[in-house]
Amino acid sequence: MTQSENDEISKEFTRTRAYFIYLIIILMLVQIVDTYCTVVPGAFPSKIAEEFLSEYSKNEQNAIMALGTSIASIGAFLIFFSHYFADKIGRKKMLAITVVGMGLASLMIMVSTNFVQYVIFIFIIGFFQRSDIWLIYINEEADKKKRALWMNIILLAGLVGAFIMVLLRSIFITDTGSNWRAMFLFPLILGIPLCIVILLTLKESSKYQLIKEKGLTEEKESTSFKKDVKAIFQTENRKPYTAMLIMIAIYGGGTALYMGLFEKYISDSGALSQSQITLIFLLTVFAVIIAYVSNGILADRIGRKPLLYIWSILLPISVITWIIGAQQPNPFFIVLVGYAITHICYWGLLGIFRLTTLEMFPTEKRGSGLGFLRMCASIGSTIGLLLSSIFILFIGLGSTFMIFAIALFALLPLNYLYIKETKDVDLTALK
């Protein structure tokens with residue numbers, strides 16, 4: 001295909017400013033549902049244990065909860081396939097599927113009657129919630145100098161979902177009673193109509209349409225799944241990508257436990273009321289805003305690699321802070337500050353992991369590359385949670401938190417030795 005033909009095709013798929021703004025609005029709504037589904041399972045594990053595991057001791061409850069969470073996290077192993085099919089059938093269809101999936105999974109969680117059912121349905125919602133097809137969409141539609149900016153604008157808008165979760169928690173989870181099932185109404189009500197809007201009004205990603213027009217997707221479809229997976233590791237960035245997979249596995253293993261059982265640990269300590277815990281969740285949302293704003297401003301200026309250092313250093317320190325703080329006579333302020341910084345670093349790191357990975361792959365492999373990254377994070381989470389369920393039985397939840405926090409310092413040498421800066425990479429030039 002000649003350069004003039006390439007230019008003609010590129011011009012054909014250029015989006016108007018009005019459509020780009022509309023796309024941003026739709027992706028914001030998707031991320032609101034996504035964020036809500038991300039944070040809601042960690043908002044009331046003490047209530048799940050109270051309803052389904054009341055016959056066990058606290059240590060046994062915590063161990064079973066960690067085991068259940070590890071089983072549920074296996075659903076995220078399938079994320080690779082959602083990204084793989086995003087490369088096969090397109091971004092638009094997979095975006096719609098993941099949104100309606102979150103809504104239907106929420107309905108199943110609401111009707112669960114025992115802990116096993118609850119774990120199975122959390123397994124399902126975890127698959128759809130972690131798919132992040134919207135991230136591929138905006139990465140392929142935004143200007144290369146503003147990819148981090150637009151990604152973090154959408155992430156910031158998604159925090160509306162976190163605010164809604166906190167609001168609903170204040171209504172449905174109190175010191176006098178709880179109705180945790182009602183917490184899953186929101187993604188059900190918004191997810192299904194949003195799926196229909198996506199199918200009827202969104203266009204396919206311009207870069208995906210471009211490679212389809214050139215015949216690259218047809219060629220890819222003729223290859224086997226095994227060859228497609230192997231191709232992920234045959235790019236010019238295979239070494240830094242492999243290091244990134246190891247880093248996110250460590251990250252997943254080191255963070256899954258306290259993201260899922262922080263509320264249980266704080267509730268068990270007995271030093272904070274449910275209203276105070278709800279307030280911590282509320283103020284933590286503002287901390288996540290700091291993470292997204294920091295990434296949005298700094299990632300395009302100082303680069304991705306320096307932010308990996310910053311978040312990797314502060315994350316374990318912040319976790320240790322609120323672990324110790326929860327045992328103090330007046331723990332509210334220490335726990336609040338420590339947990340807020342934990343969220344800044346957790347979401348800051350995840351954003352840089354995803355952004356850097358997307359900037360390592362050509363368009364026809366980008367979805368699969370991101371999907372494999374998320375799968376490795378889930379493998380790390382599952383292994384970490386399985387190990388923690390054993391540790392908790394013998395040394396308790398707090399000490400287990402501490403061990404897994406210290407393990408996160410391993411991210412620093414990997415970043416130094418293997419990760420390269422991707423700040424100004426041209427996505428169309430990647431091979």
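Since every read-out is calculated from the coordinates, none of them should be taken as a lab result. All values derive from a computational prediction rather than experimental measurement. Ideal geometry is used to build each Cβ from the backbone, glycine not excepted, and the neighbour counts take in all protein chains shown.
The relative contact order of the chain, computed from alpha carbon pairs under 8 Å that lie at least 6 residues apart in sequence, is 28 percent. Placing R0 at 41 angstrom, the Cβ-Cβ distance between Leu167 and Tyr416 gives a FRET efficiency of 0.45 after rounding to 0.05. Farthest toward the positive end of the dipole of the chain, out of Gly90, Tyr56, Ile324, is the Cα of Gly90, where the dipole comes from beta carbon charges about the Cα centre. Computed over region 246-390, the convex hull of the alpha-carbon atoms projects to a mean area of 9.2 nm². Summarising the label geometry, the points placed 7 Å from Cα in the beta-carbon direction at Leu393 and Lys144 lie 5.4 nm from one another.
In this label model, Ser273 and Leu107 are separated by 3.8 nm, measuring between points 7 Å along each Cα→Cβ vector. Around the Cα centre of the chain, unit charges on the Cβ atoms of Lys, Arg, Asp and Glu (plus for the first two, minus for the last two) sum to a dipole of about 660 debye.
Neighbour counts of C-beta atoms inside 10 Å place Trp150, Trp180 in the sequence Trp150, Trp180, starting with the fewest. Look at (i) 24.8, 80; (ii) 28.7, 102; (iii) 21.2, 72: the one that is Rg and Dmax of the Cα atoms in Å derived from this structure is (iii). Other residues lying with their Cβ under 10 Å from the Cβ of Gly42 contribute a combined charge of 0, Lys and Arg counting +1, Asp and Glu -1. Which stretch or stretches of region 240-280 have amide N atoms under 18 Å from the point lying 7 Å from Ser54's Cα along the Cα→Cβ direction? 268, by backbone N distance to the label point.
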